[in-house]
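Got a structure for you, written out below as structure tokens; questions coming shortly.
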Amino acid sequence: MADELLVQIAGLAVHRGRFTLSVPEWTVAPGQVVGVVGPNGAGKSTLLELIAGLRATDGGGVRVFGHDPWGDPAAVRTALGFMSDDLPVFAMRIDRLLQTLSGYYATWDATLVESLLERFELNPLDKVWELSRGQGTRLRLITAMAFRPQLLVLDEPAAGLDLAGRRTLIESVLDIVRNPQRSVIVSSHVLADIERISDELLVLHKGRVVRTGRTDMLVGDGRTLEEALDAWGAV
Amino acid sequence: MTPAVCHFAGRVREAVGSPRLLLAGLACGVFAMTLDPGFATHLRLSLVLKMFSLSYIGGFASVIGPGATSSPGQGRFWSTRFLGVDTLDWAHPPLPLGPKSRILVESLAAVGIILLWRVILEPVYLLALPGGSSVGVPGFLWDRLVEACLIVPCAVAWMSPSRFRAVHVIRILAIGPLVAVWSLFAPRLGTWSWGVVAVVLTLGLLEFSQVRLHLTMPFRGRTRSGALVRRSRPPASQLRRDLWLGPLKNNLLLTACTVVALAAFAVAHGMPKGQSFLAGVVLGLSGAFLFLPLGVPLLGRQDRRGGTPLFGGWFVRAWAALPVRRDALLRGVYAHGLIWGGGLSLFWMTLPDLDDRWLIAPVGLAASVSVGGALVCAAVGDKWRGMLSTSAAALALGAGPLAWGLDFLFRVWIGWPPVAIAIAAIAGGLGGLPPLVHLVPRRAPNT
């Protein structure tokens, strides 16, 4: 079972100034949509960057597909798509950007890219620096999903997206997890979306894990995720 | 028929079917013949053909006359639409091409038709008329090649819309002298015309680079999936490949044009052809390596958000989600700096009549490592080390004049050459060593 887990975290500790992120134990199995929620400064982005190998830990271990994402980023990122609104993309035309990226992934799916471009209403002849914020977010989503990653990590994917964009995003995420071998980890402040799509939840507050488990079990009947977070003091 | 075929067929019909253009071409031809009444008949006929050909360019550009599609109207003669600003978005069927590709394709199509016309029809006159055969087939074809080299950049510059009206007015004023050069001199002046080609080529490129995509050209064609994908390789192998080919592939046109322009200028100024071509190639290619490591722009913002464009660290962050090692990426960027420094040194070495050639090696080495360090710092966003490396590179490049100045002022007892080498060495150490901290592979604490 442990070999099948996509993400395994044990005794994780990260110090950044006075902030400390501490996750004693957490795993992500295939075929799940995992929502990471919590207020600003809870450590959501830090955790996702650790999983993607963009940041080192100060203690404990993170294994993704059985590899150390910081020490062996190439092995992890060939099957991990990471999207963050903070990460810039190459300053070139969209079609050339996608062509450049495609060379690094054996599983790049040009047909999927074409359909995503149409769904997200992006013109491949546009230049990256001429895009609006929302269009930039859409482009980042496409680059993260284009190679059909086994694990898709989305950090605030709805930032800057309009309603149509959010709908397309949710449809795309649900498309991905139709394959039982693939999972999505998504952090967002749009709680309604998280509640709608996530099978599992990880609730963080001030760097500590407040709750973790199945969404329907944690939230319970008759209340929303927002009300649940209120009740746990994680707002 | 595909939209592209329909489009170009329509353009040919516009050019042929516009009586204004044909009359203008005829008038220009008659005027040109009056410049030298002693012209042989076949040369007169040749001139008329050239002027007819020019009318084709006018038709293709839709600037001199918009053909059968519509008319600009009397009061709008100087309007931006009539001057070409809006022509790309005007009365054309949708094509899955960007404005620049469209301009290039239309220019090549226009010049192709001109050449076809001249290569087929002119030999008939040349061979039929007394003295016409003395040119010979190789000479005739060489003349056509020179002509094409001159007229392609002219056509590109002419068809490129600019945001500034003044540019269009200047173009209209400049077309007369250009036509005179083309029709009267270019095919017969051989080497001299290469200098003109280089000038026009540079102007054409400048104009071409001004084309903006914000001309409202919505993408109305379907994307070809092939355009969005390339053959994938293992990430480390792909990175190595992009390190060498990326700067050239993603900037091939500009690099090639720079090489040709530099070589043409150098030949025109008396440098041996082989040497000047080598110099042009080296400098053009190494320039591409400097600004486009892996084919991706190193400097400048990667999107609309703020931040300093010089040492913002956008480059490394843009690569962060890809399956490549950061240290391998930065080593490649450092190597690009070394390539540029090496290219610059080689360029200097090819210059004739250069004194103190021995100084090139130490100065070039110091400048190379400093520029490599500056590139790495720009890539990761290390402002202070980057400024140090940039200053050190400037110091290394100025080591010779600085040492000479010190010797002139203070009469250094060992002479200025050793001082220059010492300055270059210090600059190389200051500029090249500190950024090396970014090239060290990261340890793996997550175990």
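Assuming residue A:164 fulfils every condition listed in (1) in contact with a strand residue (DSSP E or B) (Cβ under 7 Å, 6 or more places away or on another chain); (2) farther than 21 Å from residue B:318 by Cα; (3) aliphatic (A, V, I, L, M) apart from one, which condition is it?
Status for residue A:164: all satisfied but (1).
Please go through (1) out of contact with any Lys or Arg (no Cβ under 7 Å at 6 or more places or on another chain); (2) buried (at least 19 other Cβ atoms within 10 Å of the Cβ); (3) of a type in the set (A, V, I, L, M, F, W, C); (4) in a helix (DSSP H, G or I) for residue B:377 and return the number of the only condition it doesn't satisfy.
Unmet for residue B:377, out of (1) out of contact with any Lys or Arg (no Cβ under 7 Å at 6 or more places or on another chain); (2) buried (at least 19 other Cβ atoms within 10 Å of the Cβ); (3) of a type in the set (A, V, I, L, M, F, W, C); (4) in a helix (DSSP H, G or I): (1).
If you don't mind, another one. Can you name the residue in the stretch B:318-347 that is of a type outside the set (A, V, I, L, M, F, W, C) and within 8 Å of another protein chain (Cβ to nearest Cβ) and is also farthest from residue A:91 (Cα to Cα) among such residues?
Taking the stretch B:318-347 and keeping what is of a type outside the set (A, V, I, L, M, F, W, C), we get B:323, B:325-327, B:331-332, B:334, B:336-337, B:341-343, B:345.
Then keep just the ones that are within 8 Å of another protein chain (Cβ to nearest Cβ); that gives B:323, B:325-326.
Details: B:323: 19, B:325: 20, B:326: 19 Å.
Looking at the filtered set, the residue picked out is B:325.
When residues of the stretch A:138-160 are filtered for being farther than 24 Å from residue A:6 by Cβ and buried (at least 22 other Cβ atoms within 10 Å of the Cβ), how many remain? Talk me through it step by step, then tell me what you get.
Let us first name the residues in the stretch A:138-160 that are farther than 24 Å from residue A:6 by Cβ, namely A:138-139, A:159-160.
Imposing the further condition that a residue be buried (at least 22 other Cβ atoms within 10 Å of the Cβ) reduces the set to A:138-139.
Residues in the stretch A:138-160 being farther than 24 Å from residue A:6 by Cβ and buried (at least 22 other Cβ atoms within 10 Å of the Cβ): 2 in total.
Whether any residue in the stretch A:200-214 is under 21 Å from residue A:31 (Cα atoms) and not in a strand (DSSP E or B) is what I want to check.
So the first thing to find is which residues in the stretch A:200-214 are under 21 Å from residue A:31 (Cα atoms), and the list is A:200-203, A:211-214.
Add one more test, that the residue is not in a strand (DSSP E or B), and what stays is none.
No.
I've got another one for you. Just checking, which of A:126, A:162, A:155 is among the charged types (D, E, K, R) and closer than 25 Å to residue B:232 by Cα?
Details: A:162 fails: closer than 25 Å to residue B:232 by Cα; A:155 fails: closer than 25 Å to residue B:232 by Cα.
Sole residue among the options that is among the charged types (D, E, K, R) and closer than 25 Å to residue B:232 by Cα: A:126.
Is at least one residue of the stretch B:352-359 within 28 Å of the chain's Cα centre (by Cα), modelled with pLDDT of 90 or more and over 23 Å from residue A:72 (Cα atoms)?
No, the conditions are met nowhere in the stretch B:352-359.
Has the stretch B:398-415 got any residue that is among the small types (Gly, Ala, Ser) and touching a Gly at 6+ places or on another chain (Cβ under 8 Å)? Before the answer, list the steps.
Taking the stretch B:398-415 first, the residues among the small types (Gly, Ala, Ser) are B:398-400, B:403, B:405, B:415.
Next, from what is left, pick out any that are touching a Gly at 6+ places or on another chain (Cβ under 8 Å): none.
No, every residue in the stretch B:398-415 fails to be among the small types (Gly, Ala, Ser) and touching a Gly at 6+ places or on another chain (Cβ under 8 Å).
OK, next. How about the stretch A:18-110: which helices (runs of 4 or more DSSP H) wholly inside it have at least 2 residues that are more than 8 Å from every other protein chain (Cβ to nearest Cβ), at pLDDT 90 or above and more than 30 Å from residue A:130 (Cα to Cα)?
Details: elements: A:44-52, A:73-77, A:94-102.
Output list reads A:44-52.
Related question: Among (1) free of Cβ contacts under 8 Å to residues at least 12 places away in the same chain; (2) part of a helix (DSSP H, G or I); (3) of a type outside the set (Lys, Arg); (4) over 27 Å from residue B:318 (Cβ atoms), where does residue B:400 come up short?
(1)
When only residues in the stretch A:111-121 that are surrounded by fewer than 20 Cβ atoms within 10 Å (Cβ to Cβ) and more than 7 Å from chain B (Cβ to nearest Cβ) count, which is farthest from residue A:150 (Cα to Cα)?
A:121
Next question, about the same structure. Quick check on residue A:49: is it within 23 Å of residue A:147 (Cα to Cα) and charged (D, E, K, R)?
Values: within 23 Å of residue A:147 (Cα to Cα): yes; charged (D, E, K, R): yes.
It is true that residue A:49 is within 23 Å of residue A:147 (Cα to Cα) and charged (D, E, K, R).
Next up: Among the residues that make up the stretch A:130-153, is at least one of them more than 27 Å from residue A:235 (Cα to Cα), more than 17 Å from the chain's Cα centre (by Cα) and assigned to a helix (DSSP H, G or I)?
Within the stretch A:130-153 (the criterion being more than 27 Å from residue A:235 (Cα to Cα), more than 17 Å from the chain's Cα centre (by Cα) and assigned to a helix (DSSP H, G or I)), the answer is yes, since at least one residue qualifies.
If I ask for residues that are at pLDDT below 80, in a helix (DSSP H, G or I) and among the small types (Gly, Ala, Ser), which ones from the stretch B:212-248 would you list?
Once the filter is applied, which keeps residues that are at pLDDT below 80, in a helix (DSSP H, G or I) and among the small types (Gly, Ala, Ser), the stretch B:212-248 yields B:225, B:226, B:227, B:246.
The values are calculated or read from the model by the stated rules, or taken from the named source; none is laboratory data. Computed from a predicted structure; not experimentally measured. With ideal geometry, Cβ positions are generated from the backbone for all residues, glycine too; neighbour counts draw on all protein chains shown.
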